[in-house]
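Please read the structure below before turning to the comments.
Derivation of every value follows stated rules applied to the coordinates shown; laboratory data play no part. Small disclaimer: the values here were computed from a predicted structure and weren't measured. Heads up, the Cβs are rebuilt from the backbone with ideal geometry, glycines too, and the neighbour counts pull from every protein chain shown.
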Amino acid sequence: MTVAEWLALAKADAEKRGLPDLIPALEGLAKATEQLRAADWNDRADHDLKDARDDDHR
Amino acid sequence: MTIAELAPKIAARKITSEKVTENCLATIAELNPKLNAFITVTADAALARAREADKEIAGGRYLGPLHGIPLSIKDLIDCKGTPTTAGSLVRKDHMASSDAPVTRRLREAGAVLVGKTNLHEFAFGTTSEDSGFGPARNPHDPTRSPGGSSGGSGIAVATGMSVGAVGTDTGGSIRIPAAACGVVGLKPEWGQISATGVVPLSRQLDHVGPLAASVADAWVLLNAMLPAAGRVNALPETSSLKGLRFGMPTAYLFDRLDADVERTMLATIEVLRSKGAAIREVALPHANEIATVYLHLVLADAAEYHARTLESRPQDYTPNVRVRLEMARYVLAEDYIRALRGKSIIAKEVDRALHGIDVLVCPALSIPAPPIGAATMPVKGGNEAVRTLMLRCTQPFNVSGHPAISLPCGTTPAKLPVGLQLVGHKGRTPALVQAALAVEKVISGVS
């Protein structure tokens, strides 16, 4: 699920639950999640692993 | 007065624990209606324990530097026979059936517990204004926050409501109120002090530690809070600043500072340099990702703990904390795993930044205590969220787990305290304290 798809679903759910104050918070979280997913430690299944600097994970 | 000043007098029976405890209780009675530092005051039990301590000391059974010393405990930590509210109406009817290990150890050291201090609800915030028991207020300016989440602990030590305090720190909740209230706050290495019997925010980021009037007092408290096998009773010898090697993570930790905080911080660092400290810049390559790593970890961990009460009694949470907890339930597992991976990388980068140096030096709090109710504060020509600014300098070392201490290093022109942070190597908390003792000696009065 992309962050945009996740945000649309989360906002719809918040509206359905009658929690409009939650929507700006979810928009802020979406920005943070975009940043997390863009971090250079994240692997891709079609690339070499990036764990040379993170040997605890092997 | 400090523990270092009081303990020898109590031991020599030049002053009684009862008198010291009465003084603290009188200060609480005078100031708590205005500052709201305490949720529960255990005056009768404290006086009874103080009299007992005086008898023990008179009978030749002196237990050590905390014997007869009045302390306060953050109301997130179990103390048998008193409620642990966590600053929330969700737990207003709770009654602790046993002491948390940290409470038990302090009692065994002879401490007198005067009460449970106010906090940001469930430790989930940096200002202590969202509490089910009303906002805590800064003793230097009651229109401002004392910092949080251990806000009541910072107030208690700054005003003498208690001689020392125990707080918790998940993203800065000991060091932020210490900086905002002008006292010392010590976050030990993760896992060094048991968090059993402490209401969790994030079990992998929560730390328990002391707030105190001096570095030496913080050490005495920390030492008593450790398991017996880990204690180092003697105070680390104060080293000279000459030869101490400091690393300054200038990028990120110095780039979003309030102008007055920045001026004080840079003046302090110049003082350290002038006294012989070797200071060089160091890098944290993934510093810009620390906040998002922290956010995803703390949200998901908090969601796990709060899910059932959020569903059954949402109205008992304060509105802001409820919104954050509701948001927390939307974090996806894949993003949580990304954050865990980032946590491991950031911890290694802090280790690397410490390579060849003794301690990192940086601000503890990037802004002075913010006005209660402020959502944003001006920094570097723009406005930024108060929560983001308050966590910025402290949360890296919750993510990494390194020991860190905040100590007062001066005031702004508005007389609001500024806090300096030192960060030590894992496994070497005494060396961090030793460096802090040396720094404390030379920086008082910088402004």
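For region A:26-43, the Karplus equation 6.51 cos²θ - 1.76 cosθ + 1.60, evaluated at θ = phi - 60°, returns couplings of 5, 5, x, 5, 4, 5, 5, 5, 4, 5, 4, 5, 7, 4, 6, 7, 6, 7 Hz by residue, with Gly and Pro reported as x.
With each label modelled as a point 7 angstrom along the Cα→C-beta vector, the B:A307-B:T376 pair spans 3.6 nm.
Round to the nearest 0.05 the FRET efficiency obtained for B:A43 and B:H355 when R0 = 35 Å and r is the Cβ-Cβ distance. Can you show the working numbers first?
On the way: r = 51 Å, r/R0 = 1.44.
With a Förster radius of 35 Å, E is 0.10.
Membrane-span-like helices in chain B, defined here as complete DSSP H runs extending at least 24 Å along the helix axis by their C-alpha atoms with mean Kyte-Doolittle hydropathy no lower than -0.5, are B:17-35, B:290-312, B:333-353; this is a sequence and geometry rule, not a statement about a membrane.
What translational D, rounded to a whole number of µm²/s, comes out for chain B from Stokes-Einstein when the hydrodynamic radius is the Kirkwood one over Cα pairs, at 20 °C and 1.002 mPa s?
Details: Rh = 21.4 Å.
In µm²/s, the coefficient rounds to 100.
Taking B:D44, B:D206, B:D78 in turn, the Gaussian network model of chain B (Cα-Cα springs below 10 Å) assigns the largest fluctuation to B:D44. How charged is the neighbourhood of B:L389? Take every other residue with its Cβ under 13 Å from the Cβ of B:L389, and add Lys/Arg as +1 and Asp/Glu as -1. Local net charge: 0. Each principal axis of the protein assembly as shown carries a Cα extent, and these read 74, 56, 46 Å when sorted largest first. Just check region B:292-447 against the gyration tensor rule for me: Cα atoms, a ≥ b ≥ c as the square roots of the eigenvalues, rounded for a/c under 1.5, and otherwise prolate or oblate depending on whether a/b exceeds b/c. Judged from the Cα gyration tensor, region B:292-447 comes out oblate (a/c at least 1.5, b/c at or above a/b). Under 5 Å from the amide H of B:T40 lie the amide H atoms of B:K116, each residue being 5 or more positions distant or on a separate chain, with H modelled from the backbone and absent for Pro and chain starts.
Largest first and in whole Å, the equivalent-ellipsoid semi-axes of region B:3-230 read 25, 19, 16, each the square root of five times a Cα gyration tensor eigenvalue. Between the helical axis of A:3-16 and the dominant principal axis of chain A, each derived from Cα atoms, what acute angle in degrees is found, rounded to the nearest 10? That works out to roughly 30 degrees. Comparing B:P188, B:P33, B:P285 in a Gaussian network model of chain B where C-alpha atoms under 10 Å apart are linked, the largest mean-square fluctuation is found at B:P33.
Taking R0 as 51 Å, what FRET efficiency do you get between B:N383 and B:A12 from their Cβ-Cβ distance, rounded to the nearest 0.05? Please report the intermediate quantities before stating the final value.
Working: r = 55 Å, r/R0 = 1.07.
For R0 = 51 Å, the calculated efficiency reads 0.40.
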